[in-house]
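Have a look at the structure below before the remarks.
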There are 2 protein chains.
Amino acid sequence: MHVLILGGDGYLGWPTAMYFSKRGYDVTVVDNYLRRNNCTAIDVGMLYPVPTLQARAKLWYEKTGREIKVVIGDLTDAELMRSLFDGRVTYSWAVNDEFTGVPETVIHYAEQPSAPFSLIDYKTANLTVSNNLLVTNNLMFALKDLSPDTHVVHIGTMGEYGTPNIDIEEGWIDIEHKGRQDRFLFPRQAGSLYHTTKVMDTDLIWFCVRMWGLRVTNLMQGPVYGLETHETEGDERLYPIFNYDEVFGTIVNRFITQAVVGYPLTVYGRGGQTRGYLNINDTLQCVGKSVETPAKAGEFRIFNQIMETFTALELAEFTQRVGANLGYDVQIDHLDNPRKEAEEHYYNPTYQGLIDIGVEPHYLTDEVMAGMFRVVERYRGNIRKDVIFRGVKW
Amino acid sequence: MHVLILGGDGYLGWPTAMYFSKRGYDVTVVDNYLRRNNCTAIDVGMLYPVPTLQARAKLWYEKTGREIKVVIGDLTDAELMRSLFDGRVTYSWAVNDEFTGVPETVIHYAEQPSAPFSLIDYKTANLTVSNNLLVTNNLMFALKDLSPDTHVVHIGTMGEYGTPNIDIEEGWIDIEHKGRQDRFLFPRQAGSLYHTTKVMDTDLIWFCVRMWGLRVTNLMQGPVYGLETHETEGDERLYPIFNYDEVFGTIVNRFITQAVVGYPLTVYGRGGQTRGYLNINDTLQCVGKSVETPAKAGEFRIFNQIMETFTALELAEFTQRVGANLGYDVQIDHLDNPRKEAEEHYYNPTYQGLIDIGVEPHYLTDEVMAGMFRVVERYRGNIRKDVIFRGVKW
C-alpha cells in the first residue's frame, strides 16, 4: 500500500511519514519547504535545528532500512501534482528511483497552517489563499483524471466551525425549515483567514466528491501539542519541526517554552476561548485509523479530531501548576486581545466518530506536560525571547 | 461620487459603466480582457465584434462628453488593486490622467463567470479558482488597509445555493438545533466549480466584513438575458459582449441565437432544471439601487437578484412560440445531460429585498423576446453553428 503525504516536512507531515513507514507502507513525501521559508522570512526560529527532508529520509533509511521517497516541489504547480499519479515524478531523494505506483492513499497537509501568518499583511494573506486553494484544487483534479479511487485524508480544522451558539456536530447537520428538510455541511464561520481557507477547502472538496464520486475523509483537527512521537525513539534528528513563537507555535507548545525561559504566559484577554486539543501521537493514530477504514466512493466523511477541551486560561494555569512542580515560577499575563474573537462563548462539539473507528484517546496529564518540559529544557539556550510575541492583529 | 467597476469589459461590466456615467457618477473601469482571451483560447466567437474597452470609452466620451477612465491590468496582482485606492494607478485611457480619488463604491464583476469553462480541464479549473479568489482577496485587503468605508457591490450567484429541498432565503438562515439557536449564512452547495468559487467568495467576504466592519452587498444573481440597455441608444458599438455558445452564453441568449440559425434548442435531459432569471436592464437597476442605499459598516447584505423562475424546457417552449410568430420553425432537442444535476427538483427562492429598496421588476414577455430576435437576426451571418454545443461534461 502506497501512502503519499503532501506537506511531508511540516510539524505533522514528517511524523506521519515515519508512522506509516514503520508499519510497512510505501511512503512518498512532497514539500516545498514553505513552512521553513516562511519562518525564515519573518525571522522566527525553531526550538532546535531540523535536518532537511532529504537528510531525514536518509537518516530514517540508515536506522530502519525503510525508504521514504522525497519530492521537493511546489504543489500549486498542477503538473507536479499530476506527476505523482502518472509516474512522471522525479525524486529528490530515494533509494530506488522507480515510481512506486499510484498511491492508494493521499494525506493532504500541504497548506499554510498559521492563522497569524495569514494575517500579517496582504501579501501573506494572498500567499495563504493561493497556496491552500490551488493545492487542494490540483489534488482534486489529479484524482478525477488519474485516480478517482484513491482515498484522501485531508486535514481540516475545528476552527472552521468557529464558536457557534449551537452544538457542533461532526461536519453535517439536518436542517428543518418551513416544514421541509435537507442535510447540509454544518455551518462554518472561522476566526482567521487561514481557517477561512479551510472552510473554502471544504466547499471545494465537497463539490468534487459530489460530482465525481471521490473518497475523502476530512479530519477537523484542534490545536496539536507534543514533541516526540513513538517513531522518533529518542533520536532528536527525527523530531518534528517545533515552533514556539506566536505565529507558528501552537498554544501548549508555546506556553511550555515560555515557562522554561520565564516569559509570562500570553493569555489573550480574559482567556475564556475554549478549543479542543490533542496530542501529536493521537493525530497519528487518527490518521492511521482513517487510512485503515477509508471513506467510500462518493463519501465526504468528516470527523472532529480532538480529545478534550480547555480554555486558554485553563491551559495557562495547567502550565503554571506543572511548571511549579518542576521548580519554575510561571507568571500569567492577560494581554489586550490582538484578535477579534469571543473571549467567553458557548462551545459544545461532538467528537465520537474517530473513537468509533478505533482511536484510543490520550489526554494532557501533568506527566505528559512534564515530559514536554523536560525536552524543551534541553534546548533552553536556543529560545529567543524576542520571537515569542509579535502582536499580529486582526 | 466615484464608482470603480472591476471587470468593466464583460457582459455586465460595460453596461454598468455607461449606466453610472450617464447618471453623473465618476466612473473607472478595470479589466484584463480575461473573458475575451478565454473566448479566443477555446475558439468561440461572439455575435458581433466588440471594440476594446479603451475604444468604447472614447466612443462614449465623443457621444456624451462623459469620461469613463480605463485601466487595463490583472487584479490578481495586489499592487494593481491597491493602486486604485492609493492613487498610484496608471490609466490606459482617460481624458484627464489625474486620479479621481478613492472610490466610494466598488462594483466587483472581475471573475471568470462560466461554469462550463471552469470545468473544461484542470487548467481552466485552476485559472478559475486562482482568478476569482485572488481578486476578491486583494479587494478585501485593499479596503481594510486603504478604504474600509467604501461600499462593495459584489456579484454573487443564485447558483451558490444549488437546489436544496428547503425554501431558499436571502443569504441567511436562523437554525434551531437541540434547543439552542444561531444565525448563519444560508447553506450553499453549488453545481459547478465556477459556482463553488462564488461560495468560497462568500465565505471570504463574510470573514472580512465580520473582522473589519467592511460594507458589502452581495447580489445573488440568476442568469441574465438581453442585448441592448437603455444607454446604448441603438449604437451597436456600445452593445455588451454577447456570447451564444454553450460555454459563455446564458440560456435565453443561446436559445434565441439557435432559433435564428435553425439549430435545435439544446435542452439538457428532461429540462426540469428551474432557475431564476432577469433582464440585463434589471441587473443595472438592482446594482443602481444597491449603490444608492449602501450596506452599513459591518453589514454583509445579501439579496437574491432574480425576477421570475422558469424551467429550461419552459424557456425552450417560450423561444419556440415567439420564434413561430416570427416565422421560425424551432425544434427542441433533449440531449443527454452532460452535467451532474437534478433534472426535476424543489425550487422555492425568496426574492423580495431588492423590490423593498425600490427595484421595479421587468419580465420576459413575448415582446421582449421578439425584440431580442430582431437584434440577433441582424448578425445572423456571424453565427458559427460549430461553437453552439461543445458538450463540456462534469
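Throughout, read-outs are computed from the coordinates displayed, never taken from laboratory work. Keep in mind that this is a model prediction, so the values were computed, not measured. Note that we place each Cβ from the backbone using ideal geometry, even for glycine, and neighbour counts take in every protein chain shown.
Return the long-range amide H neighbours of A:R215 (sequence gap of 5 or more, or a different chain), with a cut-off of under 5 Å between placed amide H atoms.
Those lying under 5 Å, H to H, from A:R215 are A:V152, A:G298.
In peptide B:195-204, how many Cβ atoms from other protein chains are near each Cβ within 10 Å, on average?
6
Take every Cα pair under 8 Å in chain A that's 6+ residues apart, average their separations, divide by the length, and report that relative contact order as a whole percent.
This gives 19 percent for chain A.
Less than 18 Å from a label point 7 Å out along the Cα-to-Cβ axis of B:K178: which backbone N atoms in the range A:262-296 qualify, by residue?
Correct set: A:274-277.
³J(HN,Hα) across the range B:63-78 via Karplus (A = 6.51, B = -1.76, C = 1.60, θ = phi - 60°), whole Hz, x for Gly/Pro?
Karplus values, whole Hz, x for Gly and Pro: 7, 10, x, 9, 9, 10, 6, 10, 10, 9, x, 9, 6, 6, 7, 4.
Please arrange A:R275, A:R384 by counting, for each residue, the other beta carbons lying within 10 Å of its beta carbon, fewest first.
A:R384, A:R275
Which of A:E67, A:E79, A:E367 moves most in a GNM of chain A, Cα contacts under 10 Å?
Highest fluctuation among the options: A:E367.
Of B:V260, B:F318, B:M140, which is farthest on the positive side of the dipole of the range B:2-387, counting Cα position, with +1 on Lys and Arg Cβ, -1 on Asp and Glu Cβ, and the Cα centre as origin?
B:M140
What is the pair-distance distribution P(r) of chain B, computed from all Cα-Cα distances in 20 Å bins starting at 0, with each bin given as a whole percent?
Result, from short to long distances: 28, 60, 11, 0 percent.
By a straight-distance test (C-alpha under 13 Å), which aspartates and glutamates pair with B:K144 as possible cross-link partners, with residues fewer than eight away in the same chain excluded?
A:D121, B:D86
Determine, for B:S290, B:S21, the number of other Cβ atoms within 10 Å of each Cβ, and report the residues in order from fewest to most.
Lowest to highest Cβ neighbour count: B:S21, B:S290.
If you add up the charges near B:A370, with Lys and Arg at +1 and Asp and Glu at -1, over every other residue whose beta carbon is less than 11 angstrom from its beta carbon, what do you get? Kindly include the intermediate steps, with their values, before the conclusion.
Values: positive: B:R321, B:R374; negative: B:D366, B:E367, B:E377.
Cβ neighbours under 11 Å give a net charge of -1.
Under a plain spin-label model, where a point goes 7 Å from the Cα along Cα-to-Cβ, how far apart in nm are A:E367 and A:D74?
Rounded to a tenth, the inter-label distance reads 4.8 nm.
Rounded to the nearest 20 Debye, what is the dipole magnitude of the range B:2-387 about its Cα centre when Lys and Arg each give +1 and Asp and Glu each give -1 at the C-beta?
Once rounded to the nearest 20, the dipole reads 400 debye.
Give me the aspartates and glutamates in straight-line cross-link reach of A:K63: C-alpha distance below 12 Å, same-chain residues under 8 apart excluded.
Candidates past the 8-residue exclusion: A:E231, A:E233, A:D235.
Farthest toward the dipole's positive end in the range A:110-245, which of A:M200, A:H154, A:A110, given Cβ charges of +1 (Lys, Arg) and -1 (Asp, Glu) about the Cα centre?
A:M200
Counting only residues 5 or more places away or on other chains, whose amide H sits under 5 Å from the amide H of A:Q305 once H atoms are built in the peptide plane?
Hits under the 5 Å cutoff: A:M220, A:Q221, A:G222.
Return B:K393, A:K178, A:K22 ranked ascending by Cβ neighbour count within 10 Å, so the fewest neighbours appear first.
Working: B:K393 12, A:K178 9, A:K22 16.
Lowest to highest Cβ neighbour count: A:K178, B:K393, A:K22.
Rounded if a/c is under 1.5, else prolate if a/b beats b/c, else oblate: with a ≥ b ≥ c from the C-alpha gyration tensor eigenvalues square-rooted, which is the range B:212-319?
Oblate, since a/c reaches 1.5 and b/c is not below a/b.
Could you tell me which residue out of B:M372, B:V387, B:H345 lies farthest along the dipole of the range B:338-394 toward its positive end? Charges go on the beta carbon: Lys and Arg +1, Asp and Glu -1, centred on the Cα centre.
B:V387
Below 11 angstrom from the Cβ of A:N96, what's the summed charge of the other residues (Lys, Arg +1; Asp, Glu -1)?
The answer is -3.
Would you mind counting up the charge near B:M200? Only other residues with Cβ under 10 Å from its Cβ, with Lys and Arg at +1 and Asp and Glu at -1.
Once positives and negatives cancel, what remains is -3.
Hey, in the GNM for chain A with a 10 angstrom Cα cutoff, which one of A:A115, A:A41, A:A295 fluctuates hardest?
Judging by the Gaussian network model, the answer is A:A41.
Taking the alpha-carbon distance from A:K69 and a cut-off under 19 Å, which lysines remain once sequence neighbours fewer than 8 residues away in the same chain are dropped?
Cross-link targets: A:K22, A:K58.
Express as a percent, rounded to the nearest 5, the fraction of DSSP beta bridges in the protein assembly as shown (both residues included) that run antiparallel.
Just about 25 percent of them are antiparallel.
Apply 1/(1 + (r/R0)^6) to the Cβ-Cβ distance of B:T64 and B:D167, taking R0 = 45 Å, and write down the FRET efficiency to the nearest 0.05.
0.55
Once you put a point 7 Å from the Cα of A:K22 and another 7 Å from the Cα of A:V95, both along the Cβ direction, what distance in nm separates them?
Result for the modelled spin labels: 1.8 nm.
Kindly provide the helix-only [θ] at 222 nm of chain B, computed as the sum of -39,500 (n - 2.57) over DSSP H runs of four or more divided by all residues, to the nearest 500 deg cm²/dmol?
Only helices count here, giving -11000 deg cm²/dmol.
Mind checking the dipole of the protein assembly as shown: about its Cα centre, +1 per Lys or Arg Cβ, -1 per Asp or Glu Cβ, Debye to the nearest 20?
It works out to roughly 780 debye.
Anyone know which of B:A324, B:A17, B:A190 comes out most mobile in the 10 Å Cα GNM of chain B?
B:A324
For chain B, what is the percent of antiparallel DSSP beta bridges, rounded to the nearest 5? Can you show the working numbers first?
Details: 12 of 50 bridges.
Of the beta bridges lying entirely in chain B, close to 25 percent run antiparallel.
Evaluate peptide B:142-151: per residue, the Cβ atoms of other protein chains within 10 Å of its Cβ; return the mean as an integer.
Across B:142-151, the average partner-chain Cβ count within 10 Å equals 1.
Using the Karplus curve 6.51 cos²θ - 1.76 cosθ + 1.60 with θ = phi - 60°, what ³J(HN,Hα) values do you get for each residue of the range B:39-54, in whole Hz, with x for Gly and Pro?
Taking θ as phi minus 60°, the curve returns 4, 5, 4, 9, 6, 10, x, 9, 5, 8, x, 10, x, 4, 5, 4 Hz for the range B:39-54.
What list of ³J(HN,Hα) values in whole Hz, one per residue of the range A:14-21 in order, does the Karplus curve 6.51 cos²θ - 1.76 cosθ + 1.60 (θ = phi - 60°) give from phi, with Gly and Pro shown as x?
5, x, 5, 4, 5, 4, 6, 4
Rounding to the nearest 20 debye, state how big the charge dipole of the range B:255-307 is about its Cα centre with +1 on each Lys and Arg Cβ and -1 on each Asp and Glu Cβ. Could the numbers behind the result be given before it?
Details: 5 positive and 3 negative charges, 33 e Å.
The calculated dipole for the range B:255-307 is roughly 160 debye.
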